[in-house]
Amino acid sequence: MTSGIRAELKIPAAVACPMARVSAAEDVTAYSMSKSVDPHAPKHVTEEFSVPAVDELSEEIEETELEKTFTDGSSAIYRFERVSDRNCPCECIEQHGSPVVDVRGERGTLYVVFHAADREDLRQVIETVGEFHPQMEVRRLVQSRAEDEDGSKSLVFFDKSVLTDRQQQVLTTAHELGYFDHPKGANAGEVADELDIATATFIEHLSAAQRKLLNSILDTE
């Protein structure tokens with residue numbers, strides 16, 4: 001039975017990633033295009049990403065770090081080289097055998113999508129990424145709808161009773177206002193105002209609810 005899981009991680013302040021830095025400096029969305037490894041120097045990695053075309057990059061970005069390889073007037077492709085490093089969010093994921101399928105940068109934050117074979121693989125990936133990037137958040141988890149041997153569909157259920165009434169209210173309000181959307185329909189302060197609570201209180205309730213959701217999905221305590 002297939003039990004694969006599609007996951008999206010949010011990694012704030014990913015300053016070690018040139019793509020994230022450009023997205024912050026230029027206030028644009030950057031999309032990863034390709035990555036290659038030199039077979040004669042496995043630690044040498046070359047990556048490319050695209051951003052809306054700009055005349056010049058901000059002074060915050062070192063010109064020697066990036067090379068513009070292509071532009072069609074509306075978008076530009078930049079290339080950079082780096083040494084393979086476990087601190088890289090994508091490599092944190094890939095070392096567990098889960099290829100990264102999508103990466104984008106927004107205002108210095110990375111959003112990374114990958115597929116885990118099962119819940120144990122997902123747990124290991126989240127632990128590894130969290131070790132190097134403690135501000136990481138799990139934005140989305142989708143488990144495969146697989147057929148059992150008898151042909152029936154296998155689904156993942158979550159018991160909402162593990163959440164307090166307040167936690168359910170916080171999640172529902174955040175969802176209705178578009179807090180989890182891309183781009184966000186509301187920020188933490190706006191959701192907190194709608195709930196008539198402090199922003200710190202909203203974040204506390206949301207974090208507690210997310211932990212319970214993950215514990216249920218990942219079969220952890």
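Just to be sure before I move on: is Val125 surrounded by 14 or more Cβ atoms within 10 Å (Cβ to Cβ), touching a Cys at 6+ places or on another chain (Cβ under 9 Å) and in contact (Cβ under 8 Å) with a residue 24 or more places away in the chain in the structure I sent? The answer is yes for Val125. Taken over the range 68-92, the residue count meeting the criterion of being surrounded by 15 or more Cβ atoms within 10 Å (Cβ to Cβ) and within 21 Å of Pro39 (Cα to Cα) is 7. Here the range 58-67 is the region considered, the condition is being surrounded by 12 or more Cβ atoms within 10 Å (Cβ to Cβ) and part of a loop (DSSP other than H, G, I, E, B), and the residue that is modelled with the lowest pLDDT is Ile61. Scanning the range 70-96 for residues that are under 18 Å from Thr29 (Cα atoms) and assigned to a strand (DSSP E or B) returns Phe70, Thr71, Ser75, Ala76, Ile77, Tyr78, Arg79, Phe80.
Taking the range 1-57 as the range and being part of a helix (DSSP H, G or I) and open to solvent by 70 Å² or more (accessible area, probe 1.4 Å) as the test, only Arg21 passes. Look at (1) β-branched (Val, Ile, Thr); (2) free of Cβ contacts under 8 Å to residues at least 60 places away in the same chain; (3) farther than 23 Å from Val125 by Cβ and you find that Val22 fails only one, number (2).
Within the range 175-204, the set of residues being open to solvent by 50 Å² or more (accessible area, probe 1.4 Å) and either acidic (Asp, Glu) or within 17 Å of Val138 (Cβ to Cβ) (or both) comprises His175, Glu176, Phe180, Asp181, His182, Lys184, Glu190, Asp193, Glu194, Asp196, Ile203, Glu204. Within the range 106-123, one or more residues are among the acidic types (Asp, Glu) and in contact with a Gly (Cβ under 9 Å, 6 or more places away or on another chain).
The values are calculated or read from the model by the stated rules, or taken from the named source; none is laboratory data. Fair warning: this is a prediction, and the values are worked out from it, not measured in the lab. Methodologically, a virtual Cβ is constructed for each residue, glycine included, from the backbone with ideal geometry; neighbour enumeration extends over all protein chains shown. Heavy atoms of the whole protein, side chains included, go into the accessibility calculation; ligands, DNA and RNA do not. Shrake-Rupley method; radii C 1.70, N 1.55, O 1.52, S 1.80 Å.
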